[in-house]
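A quick write-up on the structure given underneath.
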Amino acid sequence: MTTIRKVAFGLFILFLTSLNNNLLAQAPTKNAKLITEIETFYDLRFTMYTKKNKFIASKWIHDPAKSNAVSFVSIYHTIIDNLPEMAVFADKELSKKLSPDEIQEILANSDNKREGAKPGPMNGNDIDVMKVIHELYYDAEKIMFYPIPKAIGFFKSNWSGTTQANSYGKALFWLDIETSIDPVDISKQNITWAVNSRKSLRMFNLESSKLDENYTKYCAQFIDALRSNADKVAIFSINPLSYRPVDDPITIDKTKEIWLGEETEITMDPETFDEIISVKVIKEEERYRALEYLSTIELWYWDDAKKKMGMQLSGIAPEQSMYDSNQIFLSRFPLFFRFINNLDR
């Protein structure tokens, strides 16, 4: 083999190695397997939410011009202000990076159709919502799901005067995101904004708009494995008043009985209008279809040094959807919580 061929072959091997390393780097754990992809709309417009809305602010944005006073500035303002210094993309695959001129073109005109809005440069108020693309992984050894965000798209609502449409057009732009399953120290000076979030991810296939069968299969494996390893794993129940996880894990005996197929059905007496509560057994093939959502416990933050948004995943909770006898949706609630830093008893 000639010297040139040897060099070319070596470079090719290095390319394959780096590609493989990049692919491995995307997985949250060594044995995590990619299951499916989910798209979910988020609204992190404000820095503070009440307990009722299941959000609690962890850190404030500080405005130096106000002598360290707390500033209720939207995180969207921060992103728009820093957009020229960020890696910005035209697509959710993050394959087409926008040029500085293309970024300036986005920022030049808000194109806001809302009544009373004035033409001019875009600001944070022009962003209504963001869409997060999650890759869902499952690690059979750790018995854990990992919904890991890989891209964020930013949208504005379609307005006609004072009427806001219930739909969004094309994303203005997409950003990559820093992700972690390890605790993030938000006390660091470079972390200028952070907020805790609990979000329900609908496990529907993006193409068919139906419950993702791959998720259903792994959800059954997930819960069966928790039952089989009840003496080792830690899962946490819900406080019905605060809607938060309790401090101590569910007992071993109760862990062995989680989601065995009993469902509470609520009907109404047509004459007295009293609720009639009954318990029925769900067939094995239907049981996991009721778990349409996977709730995530997350910490979102802004790293001002890197000019990048980040998300730390803390835990997950499979959620059961409740329907009446006419298949009208009533509510949904978490079966249990499972935390990354507290997987074992």
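Things worth noting here:
- With the simple spin-label model, which puts each label point 7 Å out from Cα in the Cβ direction, the D91 to D247 separation comes to 5.2 nm.
- Per-residue Karplus couplings for region 191-204, computed as 6.51 cos²θ - 1.76 cosθ + 1.60 with θ equal to phi - 60°, are listed in order as 8, 9, 8, 7, 8, 7, 9, 10, 10, 8, 9, 7, 8, 9 Hz, Gly and Pro entered as x.
- Length gained on full extension, R289 to E213: 26.5 nm, using 0.36 nm per residue less the C-alpha separation.
- Scanning residues 5 or more positions from A234 or on other chains, those with amide H under 5 Å from its amide H are D344, R345, with H placed 1.01 Å from N in the peptide plane.
- The phi-based Karplus calculation (6.51 cos²θ - 1.76 cosθ + 1.60; θ = phi - 60°) puts the 3J(HN,Hα) values of region 298-305 at 10, 10, 9, 8, 10, 9, 6, 6 Hz, whole numbers, x for Gly and Pro.
- In this structure the amide hydrogen of K156, modeled in the peptide plane, comes within under 5 Å of the amide hydrogens of D128, G169, L172, none closer than 5 places in sequence on its chain.
- Cβ-Cβ FRET estimate between D182 and D231, R0 fixed at 25 Å, reported to 0.05: 0.40
Laboratory data are not the source of any read-out in this text; all were calculated from the coordinates shown. Remember, predicted model here, so these are calculated numbers, not experimental data. Glycine also receives a Cβ, built like all others from the backbone with ideal geometry; neighbour counts cover every protein chain displayed.
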